[in-house]
1. I'd like to check something: does region 52-75 contain any residue that is within 24 Å of Gly219 (Cβ to Cβ) and of a type in the set (Lys, Arg)?
2. Out of curiosity, is Ser110 at pLDDT 85 or above and within 19 Å of the chain's Cα centre (by Cα)?
3. Name the residue that is nearest to Val146 (Cα to Cα), counting only residues in region 220-239 that are in a loop (DSSP other than H, G, I, E, B) and of a type outside the set (Ser, Thr, Tyr).
4. Sort out which residues of region 223-253 are under 17 Å from Leu140 (Cβ atoms), of a type outside the set (Gly, Ala, Ser) and surrounded by fewer than 18 Cβ atoms within 10 Å (Cβ to Cβ), and write them in order of number.
5. Which of (1) at pLDDT 85 or above; (2) under 23 Å from Val184 (Cβ atoms); (3) surrounded by 15 or more Cβ atoms within 10 Å (Cβ to Cβ); (4) of a type in the set (A, V, I, L, M) is the odd one out, the single condition Val56 does not satisfy?
6. Which one of Thr98, Thr109 is more than 18 Å from Ala178 (Cα to Cα) and surrounded by fewer than 16 Cβ atoms within 10 Å (Cβ to Cβ)?
7. Within region 199-241, track down each residue that is over 21 Å from the mean Cα position of the chain (by Cα) and not β-branched (Val, Ile, Thr).
8. Starting from region 72-94, take each residue that is closer than 13 Å to Ser169 by Cα and touching a residue at least 40 places away in the same chain (Cβ under 8 Å) and list its partners that are part of a loop (DSSP other than H, G, I, E, B) and of a type outside the set (S, T, N, Q), counting only C-beta distances under 7 angstrom and pairs at least six apart or across chains.
Amino acid sequence: MRVRPVAAILLRQVYLIRGSPVRSLPMFAWVAIDIVVWGFITRYLNSMSAGRFNYVPSLLGAVLLWDFFTRIMQGVSTAFLEDVWSRNFLNLFATPLTIAEYILGLVITSMATSAVGLVVMLVLATAVFGLSFLSLGGLLVPFLLVLFAFGIALGILASALVLRLGPASEWLVWPMPALLSPFVGVFYPLATLPPWMQGVGHLLPPSYVFEGMRAVLAGQPFSAANLALGAAIAVLDIMLAGYFFARVFGYALRTGLLARYSAESVA
């Protein structure tokens with residue numbers, strides 16, 4: 001795998017943001033709004049509980065981690081959609097660019113844009129609402145890594161779906177995190193769910209992160225094996241999503257879909 005083509009994919013996104021500064025707003029605006037809204041909700045809940053329970057680490061912490069996952073997923077898919085909106089695929093793949101290099105470029109782009117959002121969330125949550133992740137200790141790193149890996153997998157899968165079904169199917173991309181959130185127990189334990197939803201939740205890596213986070217914050221035993229299982233599932237998901245994207249791209253080449261890629265040509 002060559003470095004220069006990967007760097008070129010990242011550089012394209014830099015030029016897009018530099019040429020249109022308004023593109024930088026989504027990197028921090030929506031996450032800031034989420035943190036502010038949920039931060040005041042936690043303050044209200046704390047006032048109602050009269051100090052019996054602190055909702056800031058459990059509720060606001062869950063919002064921060066879930067927003068981080070969402071930004072990772074959307075960082076990949078949005079960078080891909082930039083090429084969809086500009087119909088730039090033919091230009092890209094007329095060069096010796098490989099699928100692996102293209103996807104890696106999207107992943108690095110997502111890392112860069114999501115890092116901005118993560119810093120904004122941490123600053124707001126810590127400075128304004130007193131959220132401290134010190135209670136999680138070193139576990140914060142593996143928690144974020146599992147969410148990062150699954151976010152990358154979901155972003156690649158979403159991009160493959162749009163490539164196969166056409167630009168008109170981009171509406172499938174944006175609600176994906178919301179559709180998954182009931183199954184992964186962002187705000188409640190998986191035991192709250194009916195058995196069939198728990199079964200689905202155990203197939204999704206974020207469920208192991210949020211179950212582990214709640215256990216640590218409650219001072220209960222933490223299962224490193226469960227988090228390792230979640231990490232293994234996330235890595236498997238990345239491989240499966242990459243394979244699916246490669247198969248869809250191969251189909252687009254064989255059928256000529258790549259050359260006539262538009263909202264009217266998805267068959």
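The values are calculated or read from the model by the stated rules, or taken from the named source; none is laboratory data. Note that the structure is a prediction, hence the values are computed from the model and not measured. Heads up, the Cβs are rebuilt from the backbone with ideal geometry, glycines too, and the neighbour counts pull from every protein chain shown.
1. Yes, some residue in region 52-75 is within 24 Å of Gly219 (Cβ to Cβ) and of a type in the set (Lys, Arg).
2. yes
3. Phe222
4. Filtering region 223-253 for residues under 17 Å from Leu140 (Cβ atoms) gives 223-224, 226-228, 230-231, 234.
Remaining after also requiring of a type outside the set (Gly, Ala, Ser): 226-227.
Of everything in region 223-253, just one residue is under 17 Å from Leu140 (Cβ atoms), of a type outside the set (Gly, Ala, Ser) and surrounded by fewer than 18 Cβ atoms within 10 Å (Cβ to Cβ), namely Asn226.
5. (1)
6. That would be Thr98, the only listed residue that is more than 18 Å from Ala178 (Cα to Cα) and surrounded by fewer than 16 Cβ atoms within 10 Å (Cβ to Cβ).
7. Those that are over 21 Å from the mean Cα position of the chain (by Cα) and not β-branched (Val, Ile, Thr): Gly199, Ala215, Leu217, Ala218, Gly219, Gln220, Pro221, Phe222, Ser223, Ala224, Ala225.
8. Once the first residue is closer than 13 Å to Ser169 by Cα and touching a residue at least 40 places away in the same chain (Cβ under 8 Å) and sits in region 72-94, its partners that are part of a loop (DSSP other than H, G, I, E, B) and of a type outside the set (S, T, N, Q) give Ser77/Val173.
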